[in-house]
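Undergrad: I have a structure I would like to understand better, so I am pasting it below and will then ask my questions one at a time.
The values are calculated or read from the model by the stated rules, or taken from the named source; none is laboratory data. It should be emphasised that the depicted structure is a prediction, and the values quoted were computed from it without experimental measurement. All Cβ positions, glycine included, derive from the backbone under ideal geometry; neighbour counts span all protein chains shown. We work out accessible area using only protein heavy atoms, side chains counted, and drop any ligands, DNA or RNA first. Shrake-Rupley method; radii C 1.70, N 1.55, O 1.52, S 1.80 Å.
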Amino acid sequence: MERIRIVKEELLSDNWYSLKKYTYEILKDDGSTQQQTREVYDRGNGAAILLYNKEFKSVILTRQFRLPSFVNGNDKGLLIEACAGLLDQDNPEVAIKRETEEETGYRIQSVQKIFEAYMSPGSVTEILYFFIAEYTPSMKVHEGGGIEHEQEDIEVMEIEFDQAFSMIGSGEIRDAKTILLLQYMKINRIL
């Protein structure tokens, strides 16, 4: 018997992305099988990037309203985050360059992939691809802020790296992908 066998797949919602309910059998280490049921949210894979400038020792972050954080106790619903977005059928490098320009206004040519990770594997299928890239003021081609037809209203923030890193401890930065990227920069002594 296979270790995992899907018994039933039921579509619960496809309003924004797909939410499915899976019934499956799992072969346990003792040789017995157990049937389990879980819901899985599939919104596609994504990419995130931290733009940094060595001369100014700064990073580019964004601030925007996030409804899930609001309904889970974030009074204003605003989160400070690294630039990120869904792949939309593109490869991760192409997607993150597109998202960077849309959200921050910076047109970058070169990105460095640093790792990829499942962000919430207990219920969400998404793999997030993490990148870093250097930026200079000359790369700024517009103000950023997101795409209107996607209902994005994004504030672009240029912050000194040390200040951004301290915002993790103060609770001002509470977004996991952003924390991971800032910690990567600190651990690897990039800034």
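Undergrad: For residue 150 and residue 40, compute 0.36 nm times the residue count separating them, minus their Cα-Cα distance, and round to one decimal in nm.
TA: Roughly 37.2 nm would be gained on extension.
Undergrad: List the aspartates and glutamates whose Cα sits under 15 Å from the Cα of residue 20, skipping any in the same chain fewer than 8 residues away.
TA: 9, 10, 39, 42, 126
Undergrad: Sticking with this structure for a sec: In the structure displayed, which of 21/113; 21/97; 54/76; 54/113 lie more than 25 Å apart, Cα to Cα?
TA: 21/113; 21/97; 54/76
Undergrad: Now for a different question. Could you give the nm distance between label points at residue 109 and residue 7, where each point is 7 Å from its Cα heading toward the beta carbon?
TA: For residue 109 paired with residue 7, the spin-label model returns 5.8 nm.
Undergrad: If you average the alpha carbon positions of the range 139-174 and of the range 95-114, how far apart do those two centres end up, in angstrom?
TA: So the separation of the two Cα centres works out to 14 Å.
Undergrad: Moving on. Please list, ordered by chain and number, the residues whose modelled amide H lies under 5 Å from the amide H of residue 87; skip anything fewer than 5 residues away on the same chain.
TA: Result for residue 87 returns 45, 46, 47.
Undergrad: Further question on the same structure: Which percent of the accessible area of the chain is formed by carbon and sulfur heavy atoms (probe 1.4 angstrom)?
TA: Values: 5310 of 11480 Å².
Ligands and nucleic acids excluded, carbon and sulfur reach 46 percent.
Undergrad: Give me the dipole magnitude in Debye, nearest 20, for the chain about the Cα centre, with unit charges on the beta carbon: positive for Lys and Arg, negative for Asp and Glu.
TA: Working: 22 positive and 33 negative charges, 119 e Å.
About 580 debye.
Undergrad: Something else: Excluding the sites themselves, what is the longest stretch of the chain that contains no trypsin sites (Lys or Arg not before Pro) in a DSSP loop with at most 13 other C-beta atoms within 10 Å?
TA: 77-188
Undergrad: What are the chymotrypsin sites (Phe, Trp or Tyr not before Pro) within the range 47-152 that DSSP puts in a loop, where the Cβ has at most 16 other Cβ atoms within 10 Å?
TA: Answer by residue number: 56.
Undergrad: Another question, then. Can you work out the Karplus-derived ³J(HN,Hα) for every residue in the range 162-171? Use 6.51 cos²θ - 1.76 cosθ + 1.60 with θ = phi - 60°, whole Hz, and x for glycine or proline.
TA: 4, 5, 4, 5, 5, 5, 5, x, 7, x
Undergrad: Order the following by accessible area, largest value first: 19, 12, 87. Probe radius 1.4 Å; ligands, DNA and RNA are ignored.
TA: Final ranking, largest accessible area leading: 12, 19, 87.
Undergrad: Just from its helices, what would the mean residue ellipticity at 222 nm be for the chain, if runs of 4 or more DSSP H residues each count -39500 (n - 2.57) and the sum is divided by every residue, rounded to the nearest 500 deg cm²/dmol?
TA: -6000 deg cm²/dmol
Undergrad: Stretch residue 72-residue 26 to full length: gain in nm at 0.36 nm per residue minus the Cα-Cα span?
TA: On the way: separation 46, 0.36 × 46 = 16.56 nm, distance 3.25 nm.
This chain segment gains 13.3 nm when fully extended.
Undergrad: Sorted by accessible area (1.4 Å probe), largest first, how do 162, 29, 153, 90 line up?
TA: The most accessible residue leads, giving 29, 153, 162, 90.
Undergrad: Same structure, new question: Of 7, 61, 122, whose Cα points farthest to the positive end of the dipole of the range 1-131 (charges on the beta-carbon: +1 Lys, Arg; -1 Asp, Glu; origin at the Cα centre)?
TA: 61
Undergrad: For the chain, modelled as a Gaussian network with Cα springs under 10 Å, which listed residue fluctuates most, 26, 80, 132?
TA: Comparing 26, 80, 132 in a Gaussian network model of the chain, the most mobile one is 26.
Undergrad: Now a separate question. Take the chain, connect every pair of alpha-carbon atoms lying under 10 Å apart with a spring to form a Gaussian network, then pick out the residue of 100, 136, 23 with the largest mean-square fluctuation.
TA: Taking springs between Cα atoms under 10 Å, the residue moving most is 23.
Undergrad: Another question, then. Quick check for you: with a 1.4 Å probe and neighbouring chains kept, what is the accessible area per residue of the range 22-75, in Å²?
TA: Value for the range 22-75: 59 Å² per residue.
Undergrad: With springs only between Cα atoms under 10 Å, which of 51, 86, 27 fluctuates most in a Gaussian network model of the chain?
TA: 27
Undergrad: While we're looking at this one, here's another question. In the chain, which longest range has no GluC sites (Glu not before Pro) that are both DSSP loop (not H, G, I, E or B) and surrounded by at most 10 other Cβ atoms within 10 Å? Mind dumping the intermediate values first?
TA: Working: sites that count: 2, 55, 143.
Result for the longest clean stretch: 56-142.
Undergrad: Moving to a separate point now. Check the straight Cα-Cα distances from residue 28 and name the aspartates and glutamates below 15 Å, setting aside those fewer than 8 residues away within the same chain.
TA: Result set, ordered by chain and number: 2.
Undergrad: Now for a different question. Skipping prolines and chain starts, which residues have an amide H placed within reach, meaning under 5 Å, of the one on residue 173, given they are 5 or more residues away or on another chain?
TA: 168
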